[in-house]
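The structure appears right after this line, and notes come after that.
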Amino acid sequence: MGFTNFFKRKSSKEIAKDRLKILLISDRVNCSPEMMEMIKTDIAKVISKYMKIDAQSMEIQITKTGTKGMGKTPALYANIPILDLNKL
């Protein structure tokens, strides 16, 4: 991704595709879309105490990853755009 693409708004097609991915992933790890939204809201609330973020563009997902000796375990990944590192 180039620097100019960083500020580019997503099209409605891209947003719908991302939402479908989140829905499919959450279904695979038995986490409802409502629970995903609650997790996203809580993460945004905590991070916002320390820096200014773009909560609307924030993306979270749960995937399954391999861990030594434990098989596949769920992992939470978050992409949180930071607008300002200084506390509000």
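Values in this text are rule-based calculations from the coordinates and carry no lab data. Keep in mind that this is a model prediction, so the values were computed, not measured. FYI the Cβ positions are ideal-geometry reconstructions off the backbone, even for glycines, and counts take in every protein chain you see.
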Pairwise label distance in nanometres, Asn30 with Asp54, each label 7 Å out on the Cα-Cβ vector | 3.6 nm
Distance violations [Cα-Cα > 22 Å] among Lys17/Lys45; Lys10/Lys40; Lys40/Lys64; Lys10/Lys64; Lys21/Lys52; Lys13/Lys52 | Lys17/Lys45; Lys10/Lys64; Lys21/Lys52; Lys13/Lys52
What spacing in nm lies between the two simple spin-label points modelled at Ala75 and Met38, each 7 Å away from Cα in the Cβ direction?
-> 2.6 nm
Between Leu85 and Asp18, 0.36 nm times their residue separation minus their Cα-Cα distance comes to what?
-> 21.5 nm
